[in-house]
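Okay, structure first, notes after.
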Amino acid sequence: MAEGVIKLGGKKKSTFIDKVKEFLPEGGNLNLCLTCGACSSGCPATGLEGMDPRKFLRMAALGMDEEVTKTPWVWWCTMCQRCIYVCPMKINIPQLVFYARQSWPRDERPKGILGSCDMALRNDTCSAMGATEEDFQFVVEDVLEEYRESQPEFAEMEAPVNKQGVEFYLNQNSREPVTEPDEMVPLWKILHLAGADWTYGTKGWAAENYCMFLADDEAWKHIVEVKKKAVEDLGCKVWLNTE
Ligand code: SF4
Ligand code: SF4
């Protein structure tokens, strides 16, 4: 071969992006990027750690596996899916991010997310903040009583806990009962005014699931199963997850 000639062709070695494509319907469209930049312009994580979704995808497409699976940027992605929404090719970048997270050893993943997932696994409330069944029920009843007294137009409002056989089982992010209990009330009012038949449960009430953000499939599945069982045990027809 003449000096300086670059040989094209040959079988491309299997890369991280190829493996991810195998898991996704239509391969997540990961090879259809037009490099238009629409994803990066709306991404809340653009610019952090010197990265953005378009750059991340290009690096993956170029087989820069080392960089893609090591960049801490993946932990800044909120999984909001805004990039998919604006992408003309509907490319599933958050799934690529998710699998990049999975390539991190579990104990090297961000401590905040890791600790929240592990805390949720410790009890049947699934609360990442460790709030107990008793604490949750106490706060709900306490806040309800306060609003019934201070706002006569809502004197009949209810916030049931463990009510059997109702239509809706409502989840609640732990942050509200633990740090901002008043934030629970607007939704109660809407449900009250709509005449909805609903309940909280003491088990599985916490709406957040940090194990999903941790990219820990087994733990994520466990949390969902605990919540699903709580809904079924109360005989509710619809699970309303506010997260
Ligand atoms: S919006 Fe879609 S096509 Fe455009 S750069 Fe981003 S991933 Fe590529
Ligand atoms: S899912 Fe991640 S990459 Fe996509 S817009 Fe949201 S933060 Fe950015």
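The values are calculated or read from the model by the stated rules, or taken from the named source; none is laboratory data. Not measured: the values here are computed from a predicted model. Don't worry about glycine lacking a Cβ; one is built from the backbone with ideal geometry, like all the others, and counts go over all protein chains shown. In case anyone asks, the SASA skips ligands and DNA or RNA and just uses the protein heavy atoms, side chains included. Shrake-Rupley method; radii C 1.70, N 1.55, O 1.52, S 1.80 Å.
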Quiz prompt | Dipole of the chain, positive end: most advanced residue of P110, V178, G165 [Cβ charges, Cα centre] | solution = P110
Quiz prompt | Förster radius 45 Å - calculated FRET efficiency between R58 and Q164 (Cβ-Cβ, nearest 0.05) | solution = 0.25
Quiz item: Residue farthest toward the positive end of the dipole of the chain, with Cβ of Lys/Arg at +1 and Asp/Glu at -1: which of P53, V86, N31?
Solution: N31
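Just add up the charged neighbours of F168: K/R +1, D/E -1, any other residue whose Cβ is under 13 Å from the Cβ of F168. Can you show the working numbers first?
Numbers: positive: K163, K237; negative: E158, E167, D197.
That sum, taken over residues with Cβ under 13 Å, equals -1.
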Quiz item: Between F23 and E218, 0.36 nm times their residue separation minus their Cα-Cα distance comes to what?
Solution: 68.5 nm
Exercise. Arrange the peptides 212-219, 30-37 so that the one whose residues have, on average, the most other Cβ atoms within 10 Å appears first.
Key: 212-219, 30-37
Quiz item: For the chain, which DSSP H helices look membrane-span-like by this rule: Cα extent along the axis of 20 Å or more and mean Kyte-Doolittle of at least -1.0?
Solution: 133-150, 217-233
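Accessible area of the chain with a 1.4 Å probe: how many percent of it is carbon plus sulfur? Could the numbers behind the result be given before it?
Working: 7310 of 13510 Å².
In the chain, the share of accessible area belonging to carbon and sulfur is 54 percent.
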Exercise. Over 26 Å between C-alpha atoms is what I'm after, so list which of K90/K189; K111/K229; K21/K229; K19/K90; K19/K229 land there.
Key: K90/K189; K111/K229; K21/K229; K19/K229
Quiz item: Could you state the number of Å between the C-alpha centres of segment 222-243 and segment 84-156?
Solution: 14
Quiz item: Once you list every other residue whose beta carbon is under 13 Å from the beta carbon of C39, what net charge do they have if Lys and Arg are +1 and Asp and Glu are -1?
Solution: +4
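Using a Förster distance of 22 angstrom, determine the FRET efficiency expected from the C-beta separation of N241 and D107, and round it to 0.05. It would help to have the intermediate numbers written out before the result.
Details: r = 29 Å, r/R0 = 1.30.
So, using R0 = 22 Å, E works out to roughly 0.15.
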Quiz item: Per residue, how many Å² of accessible area does the chain show with a 1.4 Å probe?
Solution: 56
Quiz item: Extent of segment 16-103 along each principal axis, from alpha carbon coordinates, in Å, largest to smallest?
Solution: 27, 26, 21
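For segment 66-201, build the convex hull from the C-alpha positions and give me its volume per residue in Å³.
Working: hull volume 21.9 nm³, N = 136.
It comes to 161 Å³ per residue, whole-number rounded.
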Quiz item: Taking amide hydrogens as modeled 1.01 Å from N in the peptide plane, which residues meet the under 5 Å criterion relative to L240, leaving out close sequence neighbours?
Solution: Y169, L170, N171
Practice problem: Using only alpha carbons, build the gyration tensor for the chain and give me the equivalent ellipsoid semi-axes, biggest first, whole Å. | Solution: 45, 18, 16
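Let me have the relative contact order for segment 128-222, percent, based on Cα pairs under 8 Å that are six or more residues apart. Let's see the in-between values first.
Numbers: 108 pairs, mean separation 32.3, N = 95.
Computed over segment 128-222, the figure is 34 percent.
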Quiz prompt | Cysteines (scope the chain) whose Cβ has no counterpart Cys Cβ under 4.7 Å | solution = C33, C36, C43, C77, C80, C87, C126, C236
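Taking Cα pairs under 8 Å and at least six residues apart, what relative contact order does the chain come out at, in percent? It would help to have the intermediate numbers written out before the result.
Details: 348 pairs, mean separation 43.4, N = 243.
Relative contact order for the chain comes out at 18 percent.
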